[in-house]
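Beneath this line is the structure, given in structure tokens, with notes to follow.
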Amino acid sequence: MAYLELNALSVILCGSFRANVYLPEMDKLNLKDERHEKKYPVLWLLHSEGGSCLDWNKTMAEACAAEYGIIIVAPDAQHSLCTNMEYGPKYEDFLAKELPGIVRNNLPAAKEAEKNWIGGVGTGAYGAVKAAIKHPEVFSKCIALDGIFDMEKICRQAEEDKPTGIFHKEESLKAVFGSLQAFKNSEHDIYALAEKCGKGKFYIAGTDTSPYADERKRLAERLKEKAYYVRTEGEIMNFGEPVALKNAVRWLLDKK
């Protein structure tokens, strides 16, 4: 397994960005392929709010890349909630339109949507599901671990000056979403998007004891047959359940 730190310039973000990249073990790489004709599946993996791409170090991300012969790319999302911010960088566009090309210019990463998947934990799961729904031509499957999805509720709590549970308050949420009162049924409302979802497959996992359990169940219900709903043990966001990510990656690799 090789671990790389990618630093590159993004036109969309108007600056440089950082991403961690986990590559397969040597025996999974075709070292005789000097022309790099073999392309490897890619999992684009998003951290939760308040974290960074470093969150995935020393987790099962390394083991999954090594064992299953895939490339895992974990970019920094900063405080964007993986969203095209109203007053800030267009992070969703960066994820779907620019980052894949940058990675493919440097690594033997597959281009086909069938071999490109996106996932995340916490608010990163929110960003991953939203990107998969809105960009099925880029990402064919999505894994959402301990997802935090009800951003309308969070916006309402922020307006009432109550704790939001994430590293955002009213003003910073306005920078991300614009008018908080106009959030419902907007392009950022994951439940409204799920109702209209036409393609894709979604692995929704988390514990029943999580304060966000009902949010995950509601999302799975909106996605209907496109969702695979999994109840897990341990707290995935704290990586206390070491096999949670491996189980999700096995689901990604399933041809069904």
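Laboratory data are not the source of any read-out in this text; all were calculated from the coordinates shown. These numbers come from a predicted model, not from an experiment. When we count neighbours, we look across all protein chains shown, and the Cβ atoms used for this are built from the backbone with ideal geometry, even at glycine.
Mind running the shape call on the stretch 117-256? Use the C-alpha gyration tensor, a ≥ b ≥ c as the square roots of the eigenvalues: rounded below 1.5 for a/c, prolate if a/b tops b/c, oblate otherwise. Since a/c reaches 1.5 but b/c is at least a/b, the shape of the stretch 117-256 is classed as oblate.
The base-10 log of I(q)/I(0) for the stretch 1-136, evaluated at q = 0.15, 0.22 Å⁻¹, reads -0.68, -1.46 [Debye formula, identical scatterers on Cα atoms, solvent excluded]. Taking amide H as placed 1.01 Å from N in the peptide plane, the amide H of HIS47 sits under 5 Å from that of ALA77, each at least 5 places away or on another chain.
Hey, got the dipole for the chain? About the Cα centre, +1 on K and R Cβ, -1 on D and E Cβ, debye to the nearest 20? Walk me through the intermediate numbers first.
Working: 35 positive and 38 negative charges, 181 e Å.
The calculation lands at about 860 debye.
Note on the chain: antiparallel DSSP beta bridges, both residues inside, total approximately 35 percent of the bridges counted. Taken one residue at a time, the phi angles of the stretch 133-146 give Karplus couplings (6.51, -1.76, 1.60, θ = phi - 60°) of 5, 7, 9, x, 6, 10, 10, 8, 9, 9, 10, 10, 9, 6 Hz. Gly and Pro are set to x. When peptides 37-48, 220-231 are sorted by average Cβ neighbour count within 10 Å, with the highest value leading, the order is 37-48, 220-231. Measuring against 25 Å, Cα to Cα, the residue pairs LYS58/LYS255; LYS90/LYS169; LYS111/LYS201; LYS39/LYS97; LYS115/LYS224; LYS90/LYS153 contain LYS58/LYS255 as the ones spanning a longer distance.
The computed Rg/Rh (Cα atoms, Kirkwood Rh) for the structure shown corresponds, within (1) 1.07; (2) 0.95; (3) 1.02, to (2). By the count of neighbouring beta-carbon atoms within 10 Å, fewest first, CYS142, CYS53, CYS197 end up ordered CYS197, CYS53, CYS142.
With the largest listed first and rounded to whole Å, the semi-axes of the equivalent ellipsoid of the stretch 84-163 from the Cα gyration tensor are 28, 14, 10. Couplings for the stretch 184-192, taken from phi via the Karplus curve 6.51 cos²θ - 1.76 cosθ + 1.60 with θ = phi - 60°, read 4, 6, 7, 5, 9, 7, 5, 6, 5 Hz in order; Gly and Pro are left as x.
For TYR228, the residues 5 or more places off, or on other chains, whose built amide H falls under 5 Å of its own are PHE202, TYR203, ILE204. Taking ILE154, ILE143, ILE102 in turn, the Gaussian network model of the chain (Cα-Cα springs below 10 Å) assigns the largest fluctuation to ILE102.
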